[in-house]
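> Sending over a structure as structure tokens; questions will come in a sec.
The values are calculated or read from the model by the stated rules, or taken from the named source; none is laboratory data. Given the structure is predicted, the values throughout are model-derived calculations rather than measurements. So basically every Cβ, Gly included, is an ideal-geometry build from the backbone, and we count neighbours across all protein chains shown.
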């Protein structure tokens, strides 16, 4: 039976970052990915925003890894010439009723140690974004957008240069724990040759399967069900703007209950898109997801966008794409944070389960990878 030091399940942006980190620590690494290429699920269906870490509760994993990851990601992108635009973001209050929540967000950002935050008055906003309707805003200068595909391609290059391997079109079909050597026996199936099965062993198994992370955890023999959360998927739809946008920065309204509100983001070509909204879906397995965007949702999009851009032209929104957040529930309640379980949580040496890795996972990817590497070295 072939043996690797580390097997990583999932070649999304976080899985690749972790695999890269482990390979650069000198370990032999295999990544198994069920799709034909990397980052084809959650990692390719987001806003490509480099977040600053403003919203998340102090001391949460999201706050910790986002603030650190923001710095690491900018440094990495500069060093590797990965396209990005540090355009900044405005979080806007459009009415007096929203000022209290804006102040709470400001304080949260201060508590999290987010650098480069500034308050903007109505007159200041009129100077920098004349089309914007807002009475006050928080400006985040460390928020930006990045070419996520090139970023992941760079992670792949680093991984392979360090001797790591990625096996695409490969699915996990069970994990057993050997009692004698304390290793994991991993059973995988590859599409080519058709129906081929393969068994191998590893010392460390890292479940970073995103939308399928709960399904993967259920295949690990000896993992107590008490430590496996319930999957809870939330779909986010995006619409693109047919015409030219008057905005130079990302525009975010006051957050809603399950998301950050229908916000305006820019791609690296300056094209504007809006979203994601929040659409609760019944799917709990990745193969049950319908990614199509309902054109009828445009009316609600227009209504929300006009709160901060009253002059949005009529019928200028087109359905673009959607993504699904791999949220989880614990004891029936939606878990608000990342959940990263090591031996301390589930009592299985060498096993790491990552659940609920949604936004700001892209921003946090290098920080999460660094933390996983340091924890497994102990």
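> Suppose we keep only residues that are in contact (Cβ under 8 Å) with a residue 12 or more places away in the chain and in a helix (DSSP H, G or I) within segment 117-152. Which one would you say is nearest to residue 96 (Cα to Cα)?
122
> Just the residues that are without any contact (Cβ under 8 Å) to a residue 60 or more places away in the chain and surrounded by 15 or more Cβ atoms within 10 Å (Cβ to Cβ), please, taken from segment 285-329.
293, 298, 302, 304, 305, 312
> Given the condition in a loop (DSSP other than H, G, I, E, B) and either within 16 Å of residue 359 (Cα to Cα) or over 13 Å from the mean Cα position of the chain (by Cα) (or both), answer yes or no: does some residue in segment 60-70 qualify?
yes
> Count, please, the residues in segment 106-116 that happen to be free of Cβ contacts under 8 Å to residues at least 60 places away in the same chain and touching a strand residue (DSSP E or B) at 6+ places or on another chain (Cβ under 9 Å).
Adding up the residues that qualify gives 3.
> Can I ask one more? Could you check segment 185-244 and list, in sequence order, the residues that are crowded, with 17+ Cβ neighbours inside 10 Å, out of contact with any helix residue (DSSP H, G or I) (no Cβ under 7 Å at 6 or more places or on another chain) and part of a helix (DSSP H, G or I)?
Of everything in segment 185-244, those that are crowded, with 17+ Cβ neighbours inside 10 Å, out of contact with any helix residue (DSSP H, G or I) (no Cβ under 7 Å at 6 or more places or on another chain) and part of a helix (DSSP H, G or I) turn out to be 213, 214, 215, 216, 217.
> For residue 144, are the conditions met, namely being exposed (fewer than 15 other Cβ atoms within 10 Å of the Cβ) and in contact with a strand residue (DSSP E or B) (Cβ under 9 Å, 6 or more places away or on another chain)?
Spelling it out, it is not the case that residue 144 is exposed (fewer than 15 other Cβ atoms within 10 Å of the Cβ) and in contact with a strand residue (DSSP E or B) (Cβ under 9 Å, 6 or more places away or on another chain).
> Any residue at all in segment 100-112 that is in the same structural domain as residue 125 (by TED's automatic domain parsing), at pLDDT 95 or above, part of a loop (DSSP other than H, G, I, E, B) and buried (at least 17 other Cβ atoms within 10 Å of the Cβ)?
Checked segment 100-112: at least one residue is in the same structural domain as residue 125 (by TED's automatic domain parsing), at pLDDT 95 or above, part of a loop (DSSP other than H, G, I, E, B) and buried (at least 17 other Cβ atoms within 10 Å of the Cβ).
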